[in-house]
Amino acid sequence: MTATATPRTTTAPAPVRTQETIVTTTRARRSLALLRLGTGFIFLWAFLDKTFGLGYSTPRENAWINGGAPSQGFLNSPAVIGPFKDFFQSIASPATDVLFMLGMLGVGLAVMLGIGVRVAAWAGSAIMLMMWAAEWPLTAGSTNPVMDYHVVYALALVVVALTLAGDTWGLGRKWRELPLVRTYGWLR
């Protein structure tokens, strides 16, 4: 009986996914870059307005730097209704202020820069879905019981992440070449 050698199979490394392999037209990539920048600015603007009291949704006297409490102010407001009201009001604290503000800043910067967009999309979507649950639009009298701006922002973040929109007009290409990001693709 003779032994036969089994052929060795080598697997080629997986091709690097780029935005061009996912989104095939320049116009579509640019449109996604605009969506990324706009969505990122929503988060960054919320951070800036709440931190400095720029007078849009946050008056100067309620600014975080002036002792304001961004998440506590929201969580203890009449806007928080529905079955999770007691839960959301029970977590209102200086810690939630810090976490909320760091979340707004981190998501805003990451999305606008086009780096760490996957992580930012998860974090930003979680923030938006928690705010949706806190405002509970399923109550009669809401403008739309299911699809409100919180859900739309979360969906925009998911689209931006899945299409690697940070590669166009962002730092996504350079970010993906970092050894840490190459090793841990979820950081992309």
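The values are calculated or read from the model by the stated rules, or taken from the named source; none is laboratory data. What you see is a predicted model, and the numbers here were worked out from it, not measured in a lab. Don't worry about glycine lacking a Cβ; one is built from the backbone with ideal geometry, like all the others, and counts go over all protein chains shown.
The table for this structure:
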read-out	value
Residue that is farthest from MET130 (Cα to Cα) [pool: residues in the range 148-165 that are β-branched (Val, Ile, Thr) and in contact (Cβ under 8 Å) with a residue 40 or more places away in the chain]	THR163
Residue count, the range 40-70 (criterion: part of a helix (DSSP H, G or I) and either within 21 Å of ALA120 (Cβ to Cβ) or not acidic (Asp, Glu) (or both))	19
Single condition VAL159 does not satisfy, out of (1) modelled with pLDDT of 95 or more; (2) exposed (fewer than 13 other Cβ atoms within 10 Å of the Cβ)	(2)
Residue within the range 166-178 that is touching a residue at least 40 places away in the same chain (Cβ under 8 Å) and acidic (Asp, Glu) present	yes
Within the range 99-144, tally of residues that are over 20 Å from GLN89 (Cα atoms) and assigned to a loop (DSSP other than H, G, I, E, B)	8
Some residue of the range 88-97 being part of a helix (DSSP H, G or I), among the charged types (D, E, K, R) and surrounded by fewer than 13 Cβ atoms within 10 Å (Cβ to Cβ)	no
Sole residue being without any contact (Cβ under 8 Å) to a residue 12 or more places away in the chain, out of contact with any strand residue (DSSP E or B) (no Cβ under 7 Å at 6 or more places or on another chain) and under 30 Å from THR18 (Cβ atoms), chosen from ALA110, ALA126	ALA126
The range 45-81, residues that are of a type in the set (A, V, I, L, M, F, W, C), crowded, with 18+ Cβ neighbours inside 10 Å and touching a residue at least 40 places away in the same chain (Cβ under 8 Å)	ALA46, PHE47, PHE74, LEU75, VAL80
